[in-house]
Amino acid sequence: MEITDNPVVRLNWAIARYFTHGLQEALGILDRLGDALDDYHLLAATRADLLRRAGRTREAAGLFRTLAADAPTEQQRRLYRRRLTECAGS
């Protein structure tokens, strides 16, 4: 972020912070990115995955459902449907 500070870099930073500082810190960073990356599907995918890891499967399932319906590729649709099934099994 010292070299290039933009919303996509901050999204990646949030993922790194998840591994070093935990889910709540990462989700907080994602919350602050909402407006800047509102239409960027990887923001929603990251949020859904972190919510799933946090045990907030109902919220995650809603995002995965939307992501599966709107995914740009079949491979991504399969991934999101698989994650949706995992949320239902939790």
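Computed from the coordinates by the stated procedures, all read-outs in this text should not be read as laboratory data. Here the structure is a predicted model, which is why all the values come from computation and not from measurement. Every residue, glycine among them, receives a Cβ derived from its backbone with ideal geometry; neighbour counts consider all protein chains shown.
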Flag for GLU2 being among the acidic types (Asp, Glu), in a helix (DSSP H, G or I) and more than 19 Å from SER90 (Cβ to Cβ): no
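Quick grid of which residues meet (1) among the hydrophobic types (A, V, I, L, M, F, W, C); (2) part of a helix (DSSP H, G or I); (3) within 18 Å of MET1 (Cα to Cα):
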{"site": "ASN12", "(1), (2), (3)": "no, yes, yes"}
{"site": "THR20", "(1), (2), (3)": "no, yes, yes"}
{"site": "LEU43", "(1), (2), (3)": "yes, yes, yes"}
{"site": "ALA48", "(1), (2), (3)": "yes, yes, no"}
{"site": "GLU59", "(1), (2), (3)": "no, yes, no"}
{"site": "GLY62", "(1), (2), (3)": "no, yes, no"}
{"site": "GLN76", "(1), (2), (3)": "no, yes, no"}
{"site": "THR85", "(1), (2), (3)": "no, yes, no"}
{"site": "ALA88", "(1), (2), (3)": "yes, yes, no"}
Within the stretch 9-41, which residues are exposed (fewer than 13 other Cβ atoms within 10 Å of the Cβ) and among the hydroxyl-bearing types (Ser, Thr, Tyr)? THR20
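Restricting to the stretch 31-75, give me the number of residues that are among the polar types (S, T, N, Q), in contact with a Leu (Cβ under 8 Å, 6 or more places away or on another chain) and free of Cβ contacts under 8 Å to residues at least 24 places away in the same chain. Before the answer, list the steps.
At the first step, the residues of the stretch 31-75 found to be among the polar types (S, T, N, Q) are 46, 57, 66, 73, 75.
Now drop any that are not in contact with a Leu (Cβ under 8 Å, 6 or more places away or on another chain), which leaves 46, 57.
Adding the requirement that they be free of Cβ contacts under 8 Å to residues at least 24 places away in the same chain leaves none.
Total meeting the criteria: 0.
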Given the conditions (1) in a loop (DSSP other than H, G, I, E, B); (2) within 21 Å of ARG10 (Cβ to Cβ), and given that PRO72 satisfies all but one, which numbered condition is not satisfied? (2)
